[in-house]
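Just below is one structure, and these are the notes that go with it.
The values are calculated or read from the model by the stated rules, or taken from the named source; none is laboratory data. Because the structure is predicted, anything quoted here is derived from the model rather than measured. Note: ideal-geometry Cβ built from the backbone for every residue, glycine included; neighbour counts use all protein chains shown.
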Amino acid sequence: EGDPLDLGPERVSADPLDVVILSLEPETDEAVLERWDSLLQRPGLNVIFDEAAASAHLAGWDQSRWARHLAAKALGVDVLLPPRPEGGTREIGLASTARPRSSA
């Protein structure tokens, strides 16, 4: 974990990695990403990009949802929701005025 300008791909590539999550600022210079190309193209490495400006403003339920989304991608699983409490129902009905949230 750290700033890509400080770490450098040489230092990180020495670690056994399965997943890299890059949280990029909008002003990230293309040259910074090019410097990391050899590491990011390593066979078998799961690279996940996060838009820092968007995720930094999340709070509460939305922040938890995004954290589950990133964790599921990092772990390679399709389950995004936490386990239901014992006795919980499988489906939750929507009120006639409710709209489903769009997926990210």
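Look at (1) within 17 Å of Asp15 (Cβ to Cβ); (2) modelled with pLDDT under 85 and you find that Asp29 fails only one, number (1). Annotation note: of Trp66, Trp61, the sole residue that is of a type in the set (Phe, Trp, Tyr), under 30 Å from Asp15 (Cα atoms) and either assigned to a helix (DSSP H, G or I) or at pLDDT below 80 (or both) is Trp66. I want to confirm something. Restricting to the stretch 1-16 and keeping residues that are in a loop (DSSP other than H, G, I, E, B) and surrounded by fewer than 10 Cβ atoms within 10 Å (Cβ to Cβ), which single residue is modelled with the lowest pLDDT? Selected residue: Glu1. For the stretch 17-55, the set of residues classified as assigned to a loop (DSSP other than H, G, I, E, B), among the aliphatic types (A, V, I, L, M) and over 19 Å from Ala72 (Cα atoms) is empty.
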